[in-house]
Amino acid sequence: MLILASKSAARRRLLQNAGLLIECQPAAIDERQTEALLASHLETAEDSARLLARAKALDVSRRNLTSPIVGADQTLLFEGRSLHKPSNFEEAILHLKSLRGATHKLVSGVALARDGEVLWDHTEIAKLTMREISDSELDRIVSLEGEAIVDCVGAYRFEGPSIQLFDTIEGDYFTILGLPLLPLLAALRKHAPQSFDITQRPLRK
């Protein structure tokens with residue numbers, strides 16, 4: 001059984017759609033506190049997503065020995081600073097207003113652990129440019145999304161109505177959703193091939 005150290009519905013769907021049988025067990029860590037503790041190991045801003053992905057995978061791995069664990073994290077970089085998930089709906093709208101008409105980076109980190117040890121990690125970067133959108137159009141899109149945007153880095157869902165906010169992107173779709181899927185699948189084939197064992201799945205009726 002492959003365990004995803006996250007409660008992200010988007011990441012869960014990506015893995016399930018790839019034909020993997022997974023269980024979700026969110027890591028029990030304080031991300032901001034962990035990020036602060038790891039600060040001395042950050043050579044670049046992009047390192048944050050990779051190190052947090054490793055921390056999440058290790059946390060769950062220590063409670064599930066022998067099972068392969070996938071940890072993932074995503075960081076948004078804009079004008080030299082990191083934006084985290086908004087704490088409420090009002091802050092989500094402020095994030096969107098600050099991003100419109102400009103380009104930002106999404107850094108997605110992923111790690112694979114087993115037996116309390118990280119076997120592999122990886123990061124990928126996407127660049128997204130948001131349209132110079134009016135307040136009224138932004139309000140309409142936010143209304144369509146609802147509270148879902150509060151649980152998203154950047155306060156938008158690329159797989160939802162928020163796609164209307166963007167002008168151009170450079171990067172992989174899976175990276176934007178928060179999970180560099182193709183590199184992860186390659187790592188699973190190498191380090192945890194049992195993840196693809198169809199005999200684990202219940203028979204379809």
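The values are calculated or read from the model by the stated rules, or taken from the named source; none is laboratory data. Being a predicted model, the structure only gives us computed values, none of them experimental. Glycine also receives a Cβ, built like all others from the backbone with ideal geometry; neighbour counts cover every protein chain displayed.
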### Task
Determine if segment 158-175 includes at least one residue that is closer than 18 Å to Phe78 by Cα and either part of a loop (DSSP other than H, G, I, E, B) or free of Cβ contacts under 8 Å to residues at least 12 places away in the same chain (or both).
yes
### Message
Test of understanding: among Gly71, Gly19, which residue is at positive phi and in contact (Cβ under 8 Å) with a residue 60 or more places away in the chain?
### Response
Gly19
### Task
Tell me which residues, restricted to segment 79-105, are at pLDDT 95 or above and part of a strand (DSSP E or B).
Thr103, His104, Lys105
### Query
Just one of Leu128, Leu184 is of a type outside the set (S, T, N, Q), in a strand (DSSP E or B) and surrounded by 13 or more Cβ atoms within 10 Å (Cβ to Cβ); which is it?
Leu128
### Message
With the requirement that a residue be assigned to a helix (DSSP H, G or I) and hydrophobic (A, V, I, L, M, F, W, C), what does segment 51-78 give you?
### Response
Leu51, Leu52, Ala53, Ala55, Ala57, Leu58, Val60
